[in-house]
Amino acid sequence: MDIFIINNGAAGVSLTTQYDTYNGYLNTHKDYVGYLFDGTYKVDSVIFTEGMNFDNGGWFANGDVTVQALVNGTWTDVSKLKVSPKYPSGNTQGDFGPHFEEYTFTFTAIECEGIRIIGTAGGAAGFISVSELAVMGNEIIVSEID
(Lines give C-alpha, C1' and ligand atoms only; values in the text may rest on other atoms or scores of the structure.)
Protein backbone atom coordinates (compact mmCIF):
# COMPACT_ATOMS: atom_id res chain seq x y z
CA MET A 1 0.00 0.00 0.00
CA ASP A 2 1.16 3.47 -0.84
CA ILE A 3 1.38 6.00 2.02
CA PHE A 4 0.39 8.77 -0.41
CA ILE A 5 -3.16 7.39 -0.44
CA ILE A 6 -3.76 9.31 2.82
CA ASN A 7 -3.67 12.67 1.08
CA ASN A 8 -5.31 12.10 -2.28
CA GLY A 9 -8.38 14.13 -1.29
CA ALA A 10 -10.78 11.18 -1.22
CA ALA A 11 -11.90 9.17 1.80
CA GLY A 12 -11.81 5.43 1.34
CA VAL A 13 -14.41 2.87 0.52
CA SER A 14 -12.31 -0.29 0.28
CA LEU A 15 -9.05 -1.95 1.27
CA THR A 16 -7.30 -0.32 -1.70
CA THR A 17 -8.10 3.21 -0.43
CA GLN A 18 -6.27 3.08 2.89
CA TYR A 19 -2.81 2.76 4.38
CA ASP A 20 -2.16 0.20 7.14
CA THR A 21 0.89 0.36 9.39
CA TYR A 22 0.81 -3.42 9.92
CA ASN A 23 4.32 -4.85 9.90
CA GLY A 24 4.04 -8.02 11.99
CA TYR A 25 4.98 -6.20 15.22
CA LEU A 26 2.88 -7.92 17.88
CA ASN A 27 3.67 -5.86 20.96
CA THR A 28 2.10 -2.71 22.38
CA HIS A 29 3.75 0.35 20.85
CA LYS A 30 3.07 3.91 19.74
CA ASP A 31 2.19 4.38 16.09
CA TYR A 32 1.64 7.55 14.09
CA VAL A 33 0.94 9.06 10.72
CA GLY A 34 1.43 12.67 9.67
CA TYR A 35 3.26 15.18 7.55
CA LEU A 36 6.50 17.15 7.52
CA PHE A 37 6.02 20.54 5.86
CA ASP A 38 8.35 22.44 3.55
CA GLY A 39 8.14 25.45 5.87
CA THR A 40 6.30 26.70 8.95
CA TYR A 41 2.51 26.71 8.89
CA LYS A 42 -0.16 27.74 11.39
CA VAL A 43 -2.31 24.66 12.06
CA ASP A 44 -5.50 24.37 14.13
CA SER A 45 -7.16 21.11 13.07
CA VAL A 46 -6.61 17.66 11.63
CA ILE A 47 -9.31 15.59 9.97
CA PHE A 48 -8.58 11.87 10.31
CA THR A 49 -10.59 9.34 8.31
CA GLU A 50 -9.82 5.87 9.55
CA GLY A 51 -9.51 2.88 7.25
CA MET A 52 -11.03 -0.52 7.91
CA ASN A 53 -11.10 -2.10 11.36
CA PHE A 54 -9.92 -5.72 11.25
CA ASP A 55 -10.23 -8.50 13.81
CA ASN A 56 -6.56 -7.95 14.76
CA GLY A 57 -6.19 -4.14 14.58
CA GLY A 58 -6.54 -1.00 12.54
CA TRP A 59 -7.27 1.56 15.30
CA PHE A 60 -5.76 3.41 18.24
CA ALA A 61 -6.26 1.31 21.38
CA ASN A 62 -8.30 2.45 24.37
CA GLY A 63 -8.89 5.97 23.04
CA ASP A 64 -5.14 6.67 23.23
CA VAL A 65 -4.78 9.08 20.31
CA THR A 66 -3.52 12.64 20.31
CA VAL A 67 -2.08 15.23 17.94
CA GLN A 68 1.51 16.40 18.02
CA ALA A 69 3.15 19.33 16.23
CA LEU A 70 6.80 19.56 15.23
CA VAL A 71 8.04 22.85 16.71
CA ASN A 72 11.73 23.76 16.43
CA GLY A 73 12.59 20.10 15.78
CA THR A 74 10.67 18.66 18.76
CA TRP A 75 7.35 16.77 18.63
CA THR A 76 5.01 18.36 21.19
CA ASP A 77 1.40 17.58 22.17
CA VAL A 78 -0.97 20.30 20.97
CA SER A 79 -2.95 22.36 23.49
CA LYS A 80 -6.68 22.16 24.23
CA LEU A 81 -7.33 19.17 21.98
CA LYS A 82 -10.98 18.37 21.19
CA VAL A 83 -12.17 15.42 19.11
CA SER A 84 -15.50 15.20 17.31
CA PRO A 85 -17.08 12.76 17.40
CA LYS A 86 -15.49 11.22 20.48
CA TYR A 87 -12.88 8.62 19.53
CA PRO A 88 -13.86 5.12 20.75
CA SER A 89 -12.19 3.59 23.79
CA GLY A 90 -11.54 -0.12 23.46
CA ASN A 91 -9.22 -2.60 21.87
CA THR A 92 -11.39 -4.99 19.87
CA GLN A 93 -13.03 -4.64 16.48
CA GLY A 94 -16.45 -4.60 18.16
CA ASP A 95 -15.55 -1.43 20.10
CA PHE A 96 -15.43 0.54 16.85
CA GLY A 97 -18.17 1.55 14.45
CA PRO A 98 -18.27 1.22 10.69
CA HIS A 99 -15.14 1.48 8.55
CA PHE A 100 -13.95 4.88 7.30
CA GLU A 101 -15.34 7.01 10.13
CA GLU A 102 -14.13 10.62 10.21
CA TYR A 103 -12.78 12.34 13.33
CA THR A 104 -11.97 16.05 13.55
CA PHE A 105 -9.24 17.07 16.00
CA THR A 106 -9.28 20.80 16.82
CA PHE A 107 -6.78 22.59 19.03
CA THR A 108 -5.17 25.93 19.82
CA ALA A 109 -3.50 27.12 16.62
CA ILE A 110 0.20 26.41 16.52
CA GLU A 111 2.99 27.33 14.13
CA CYS A 112 4.85 24.16 13.21
CA GLU A 113 6.98 22.34 10.66
CA GLY A 114 4.94 19.14 10.83
CA ILE A 115 1.85 17.52 12.33
CA ARG A 116 0.89 13.94 13.24
CA ILE A 117 -1.68 11.85 15.04
CA ILE A 118 -0.09 9.41 17.46
CA GLY A 119 -1.23 6.81 19.94
CA THR A 120 -1.11 3.18 20.99
CA ALA A 121 -1.58 0.89 17.99
CA GLY A 122 -4.60 -1.35 18.48
CA GLY A 123 -5.51 -4.99 18.30
CA ALA A 124 -3.45 -8.15 18.66
CA ALA A 125 -1.37 -7.16 15.60
CA GLY A 126 -0.84 -3.57 16.83
CA PHE A 127 -1.48 -1.39 13.81
CA ILE A 128 -3.53 1.56 12.60
CA SER A 129 -5.44 2.00 9.36
CA VAL A 130 -5.73 5.43 7.72
CA SER A 131 -7.81 6.39 4.70
CA GLU A 132 -7.30 10.16 4.70
CA LEU A 133 -5.49 12.76 6.80
CA ALA A 134 -6.18 16.45 6.12
CA VAL A 135 -4.49 19.35 7.91
CA MET A 136 -6.14 22.75 8.28
CA GLY A 137 -5.15 26.20 9.41
CA ASN A 138 -6.08 29.59 7.99
CA GLU A 139 -6.30 27.61 4.76
CA ILE A 140 -6.13 23.95 3.78
CA ILE A 141 -2.52 22.94 4.32
CA VAL A 142 -2.60 19.30 3.28
CA SER A 143 -5.57 17.57 1.74
CA GLU A 144 -4.22 16.11 -1.48
CA ILE A 145 -1.05 15.85 -3.54
CA ASP A 146 -0.67 18.34 -6.40
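State the extension gain, in nm to one decimal, for the chain segment bounded by Leu36 and Thr16, taking 0.36 nm per residue of separation less the distance between their alpha-carbons.
Using 0.36 nm per residue and subtracting the Cα-Cα distance, I get 4.8 nm.
Using the Cβ atoms and a cut-off under 12 Å, what net charge is assigned to the surroundings of Thr40, where Lys and Arg are +1 and Asp and Glu are -1?
My count for the surroundings of Thr40 gives -2.
With the chain treated as a Gaussian network of Cα nodes joined by springs under 10 Å, which of Asp77, Asp64, Asp38 yields the largest mean-square fluctuation?
Greatest mean-square fluctuation among the candidates belongs to Asp38.
Need one number: nm distance between label points at Lys82 and Ile3, each 7 Å from Cα along Cα→Cβ, rounded to one decimal.
3.2
Roughly how many Å² of Tyr41 are accessible to a 1.4 Å probe, to the nearest 10?
80
Apply the Karplus curve 6.51 cos²θ - 1.76 cosθ + 1.60, θ = phi - 60°, to the phi angles in segment 101-113 and return the couplings in whole Hz, x for Gly and Pro.
Going residue by residue, I get 6, 10, 10, 10, 9, 10, 6, 4, 3, 9, 8, 8, 9 Hz, with x marking Gly and Pro.
I want to verify a result. In a Gaussian network model of the chain, Cα cutoff 10 Å, which of these has the top mean-square fluctuation: Asn53, Asn23, Asn62?
Asn23
Carbon and sulfur together cover what percent of the accessible area of segment 22-87 at a 1.4 Å probe radius?
The computed percentage sits at 47.
Using the heavy atoms of the protein chains and a 1.4 angstrom probe, tell me the accessible area per residue for segment 57-116 in square angstrom.
51
Treat every Asp and Glu Cβ in the chain as -1 and every Lys and Arg Cβ as +1, leave all other atoms uncharged, and give the resulting dipole magnitude about the Cα centre to the nearest 20 debye.
With Lys and Arg at +1 and Asp and Glu at -1, about 400 debye.
What figure in square angstrom, to the nearest 10, would you give for the accessible area of Thr104 with a 1.4 Å probe?
Using a 1.4 Å probe on the heavy atoms, I get roughly 40 Å².
Could you work out the relative contact order of segment 12-146? I mean the mean sequence separation of Cα pairs under 8 Å and 6+ apart, divided by the number of residues, in percent.
For segment 12-146, the relative contact order is 43 percent.
How much net charge surrounds Phe100 when only other residues with a Cβ under 9 Å from its Cβ are counted (Lys, Arg +1; Asp, Glu -1)?
Charge balance near Phe100 sits at -4.
The values are calculated or read from the model by the stated rules, or taken from the named source; none is laboratory data. A quick note: this is a predicted structure, and the numbers were derived from the prediction, not measured. Here the Cβ is made from the backbone with ideal geometry for all residues, glycine too, and neighbour counts use every protein chain on show. These accessible areas exclude ligands, DNA and RNA; they are computed on the full protein's heavy atoms, side chains included. Shrake-Rupley method; radii C 1.70, N 1.55, O 1.52, S 1.80 Å.
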